[in-house]
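Engineer: Got a structure here, written out as structure tokens. Questions coming.
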Amino acid sequence: MRCHMSVLALVVVCLGLGGRFLQAQEAQAEIVPRFEESSCNYSTPAGVDVTCGYIVVPEDHSNPEGETIRLALAILHSTSDTPAPDPIISLTGGPGGSTLEYLPFTFRQNYRAFLETRDFIMFDQRGVGLSEPSLNCPDLLERNYQDAARLRSAQEAAQDDTASILDCQQTLIDSGEDLTVYTTAQNAADVADIRLALGYEEWNLFGVSYGTKLALTTIRDFPEGIRSVMLDSVYPLQANLYTERAANQQRAFDLLFDSCAADSACAEAYPHLEKAFYDLINRLNDSPVPIETTHTDYGFRFNTYVTGEMIASTVFGDLYVKNIIPTIPAFIDRLVHGDESELSFLAQNFYDRSIGLTEGMYYSIQCGEELRFADEQAAVDSAESLNPALRDAFSATTSSLFDLCASWRGYPADRRENESVQSTITTLVLSGEFDPITPPSWGQLAADDLENSFFYTFPSVGHGAIRTDSCAQSIALQFIENPTLEPNADCISEIEPPPFELP
């Protein structure tokens, strides 16, 4: 018998189906983790097809039914018609380094080669950049420039910085943020959830600097679905930044001066470079140079004093970048001979150090996971490994940092967050010879505990080997295609010493 349905009955049935459909939509919206696609409301690299969105994850992974947060994410699609099914996920450094706001810059030119075979995923870690909520301290930049006009000792400057950062902490707490959930372990749980939300069976981790610590924590806690790992400029869990930083900095400075002395042209052009550098620092610390200038990006005028600490900080930062390392002796020589043409930009860079760094995330992790396991007196005493010209500023900032962390309300990490990570996952470990912050010895330290690892150190390279060096890039590309096969690393022997700039 044919069934005849009245209009009223049809409406009732449709409403019932519609209700179930809406319920299904609502249920889908409650799934955690999940990916929510959105428009790219920031600049993207030219010529790259990008999908943007957010990954919704638990705010506290120990309470998966509780509040959620949103991680801003971008998928940079492969140029291949048949890309490999296992993408690369990039784990940025810092901690607290912003990625997506500066995507055309953070997606380095050398990374484009990865797109020839697979997708490349970049995201802002919890609390960072465009992720929601953000633990950024936007007022710090203004306060940096306000304080810059005062002639201060290194100790006074460090105390001012501490006060500003603790004011930011209070603002974050007053706005309802729980700083105890911003840890590397929670970060690693986010990484695992991103893979699930995007539906990948396998993928490859690529960590740089703090991102290597995050990668190591992820393979410790969530090894499932990880095909391979690339660790570039390694920050092992068992290393302590604050008791080893002075020695690491001095090693890189010594290497710079020894390399110039070993280069006949550099040695002839700058015969007493090392002594001239430390004499310059002492002179400017004793008698800072007053300048008045205009910020090149924001256009405001500011006054400040250029100190020896600023010079040392600038050279420390320059050692990160392979292409800048050859220019450092000439830069020092110009300053020694009274050339003040670069002082304005030097001072601006010094005070702009908060740009691109989410301070709330940085201090939550560093206070809870590093300073917690460091002895303050040992950290202060480590200044003895520095040249005397560098010691006062180092000791002042170190003591101030311990004071700051005593008042920081983050999560006190478990001892395991400072213990080495063992793994059988195939891993590529890369270090730069000149790296002033994560030295090659740290790369070896991590590799020793990774059973299936390949470790390489690159001459003339600073921090972040793959992004700056073609040989490191070549080795990484070989590795990602076949992680179980040892790459051909012959190109390392062909890397020339730094081609130092001459007058």
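Engineer: Report, by residue number, each residue of the range 424-454 that is in a helix (DSSP H, G or I) and hydroxyl-bearing (Ser, Thr, Tyr).
Structural biologist: Within the range 424-454, 441 is the sole residue that qualifies.
Engineer: Now, a different point. On the basis of being surrounded by 18 or more Cβ atoms within 10 Å (Cβ to Cβ) and over 13 Å from the mean Cα position of the chain (by Cα), does residue 366 make the cut?
Structural biologist: No: the conditions fail for residue 366.
Engineer: Scanning for something β-branched (Val, Ile, Thr), at pLDDT 95 or above and surrounded by 21 or more Cβ atoms within 10 Å (Cβ to Cβ), does the range 492-501 turn up at least one residue?
Structural biologist: no
Engineer: Within the range 176-192, take every residue that is assigned to a helix (DSSP H, G or I) and β-branched (Val, Ile, Thr) and give me the one that is surrounded by the fewest Cβ atoms within 10 Å (Cβ to Cβ).
Structural biologist: The initial filter retains those residues of the range 176-192 that are assigned to a helix (DSSP H, G or I), namely 179-181, 184-192.
From what is left, the residues that are β-branched (Val, Ile, Thr) are 180-181, 184, 191.
Details: 180: 14, 181: 23, 184: 23, 191: 26.
Here the answer is 180.
Engineer: Looking for something over 26 Å from residue 355 (Cβ atoms), assigned to a strand (DSSP E or B) and outside the structural domain of residue 360 (by TED's automatic domain parsing) - is there at least one such residue anywhere in the range 105-121? I'd like the intermediate steps shown before the answer.
Structural biologist: The initial filter retains those residues of the range 105-121 that are over 26 Å from residue 355 (Cβ atoms), namely 113-119.
This time we only want the ones that are assigned to a strand (DSSP E or B), so: none.
No, because not a single residue in the range 105-121 is over 26 Å from residue 355 (Cβ atoms), assigned to a strand (DSSP E or B) and outside the structural domain of residue 360 (by TED's automatic domain parsing).
Engineer: Identify the single condition in (1) buried (at least 16 other Cβ atoms within 10 Å of the Cβ); (2) without any contact (Cβ under 8 Å) to a residue 12 or more places away in the chain that residue 254 does not satisfy, given that it satisfies every other one.
Structural biologist: (1)
Engineer: Please go through the range 193-228 and give me each residue that is buried (at least 18 other Cβ atoms within 10 Å of the Cβ) and small (Gly, Ala, Ser), ordered by number.
Structural biologist: 197, 207, 209, 211, 215, 228
Engineer: Additional query: Here is a check on your reading of the model: is residue 421 surrounded by 18 or more Cβ atoms within 10 Å (Cβ to Cβ) and assigned to a loop (DSSP other than H, G, I, E, B)?
Structural biologist: yes
Engineer: Run down 319, 335 and say which single residue is crowded, with 18+ Cβ neighbours inside 10 Å, on the phi < 0 side of the Ramachandran plot, at pLDDT 95 or above and out of contact with any Gly (no Cβ under 7 Å at 6 or more places or on another chain).
Structural biologist: 335
Engineer: So residue 200 clears everything in (1) of a type in the set (Phe, Trp, Tyr); (2) in a loop (DSSP other than H, G, I, E, B); (3) in contact with a strand residue (DSSP E or B) (Cβ under 8 Å, 6 or more places away or on another chain) except one condition, right? Which one?
Structural biologist: (3)
Engineer: It is to be established whether one or more residues within the range 233-251 are within 20 Å of the chain's Cα centre (by Cα) and on the phi > 0 side of the Ramachandran plot.
Structural biologist: yes
Engineer: If you don't mind, there's one more thing I want to ask. Can you confirm whether residue 353 is within 30 Å of residue 298 (Cα to Cα), among the charged types (D, E, K, R) and at pLDDT below 95?
Structural biologist: Numbers: within 30 Å of residue 298 (Cα to Cα): yes; among the charged types (D, E, K, R): yes; at pLDDT below 95: yes.
It is true that residue 353 is within 30 Å of residue 298 (Cα to Cα), among the charged types (D, E, K, R) and at pLDDT below 95.
Engineer: Let me ask you something else. Out of the range 119-157, which residues are charged (D, E, K, R), surrounded by fewer than 21 Cβ atoms within 10 Å (Cβ to Cβ) and closer than 30 Å to residue 90 by Cβ? Step through it out loud before you land on a result.
Structural biologist: Within the range 119-157, the first condition is being charged (D, E, K, R), and the residues that meet it are 119, 124, 126, 132, 139, 142-143, 147, 150, 152, 156.
Applying the additional criterion that residues be surrounded by fewer than 21 Cβ atoms within 10 Å (Cβ to Cβ) yields 132, 139, 142-143, 147, 150, 152, 156.
Scanning the range 119-157 gives 132, 139.
Engineer: Considering only residues that are of a type in the set (S, T, N, Q) and free of Cβ contacts under 8 Å to residues at least 24 places away in the same chain, look in the range 438-465 and name the one that is farthest from residue 246 (Cα to Cα).
Structural biologist: We begin by selecting, within the range 438-465, every residue of a type in the set (S, T, N, Q); these are 438, 441, 444, 452-453, 457, 460.
Now narrow it down to the ones that are free of Cβ contacts under 8 Å to residues at least 24 places away in the same chain: 441, 444.
Numbers: 441: 14, 444: 19 Å.
Checking each candidate, the answer is 444.
Engineer: Every residue in the range 63-104 that is closer than 18 Å to residue 182 by Cα, in contact with an Asp or Glu (Cβ under 7 Å, 6 or more places away or on another chain) and either hydrophobic (A, V, I, L, M, F, W, C) or not assigned by TED's automatic domain parsing to the domain that holds residue 39 (or both), please.
Structural biologist: Answer for the range 63-104, where residues must be closer than 18 Å to residue 182 by Cα, in contact with an Asp or Glu (Cβ under 7 Å, 6 or more places away or on another chain) and either hydrophobic (A, V, I, L, M, F, W, C) or not assigned by TED's automatic domain parsing to the domain that holds residue 39 (or both): 69, 71, 72.
Engineer: List the residue pairs whose Cβ atoms are under 8 Å apart, where the first residue sits in the range 29-52 and is under 22 Å from residue 118 (Cα atoms), the second is charged (D, E, K, R), and the two are 6 or more positions apart or on different chains.
Structural biologist: From residues that are under 22 Å from residue 118 (Cα atoms), the pairs are 36/70; 45/112; 48/112; 51/37; 52/37.
Engineer: Do you know which residues across the range 50-103 are more than 17 Å from residue 361 (Cβ to Cβ), of a type in the set (A, V, I, L, M, F, W, C) and in a strand (DSSP E or B)?
Structural biologist: Across the range 50-103, the qualifying residues are 50, 52, 56, 74, 75, 76, 88, 89.
Engineer: Inside the range 341-397, counting only helices (runs of 4 or more DSSP H) that do not spill past its ends, which hold 3 or more residues that are in the same structural domain as residue 169 (by TED's automatic domain parsing) and without any contact (Cβ under 8 Å) to a residue 40 or more places away in the chain? Steps first, answer last, please.
Structural biologist: Numbers: elements: 343-351, 359-369, 376-381.
In the range 341-397, 376-381 are the helices (runs of 4 or more DSSP H) which contain 3 or more residues that are in the same structural domain as residue 169 (by TED's automatic domain parsing) and without any contact (Cβ under 8 Å) to a residue 40 or more places away in the chain.
The values are calculated or read from the model by the stated rules, or taken from the named source; none is laboratory data. Keep in mind that what you see is a predicted model, and the values were worked out from it rather than measured. Cβ sites come from the backbone with ideal geometry, for glycine too, and all protein chains shown count toward neighbours.
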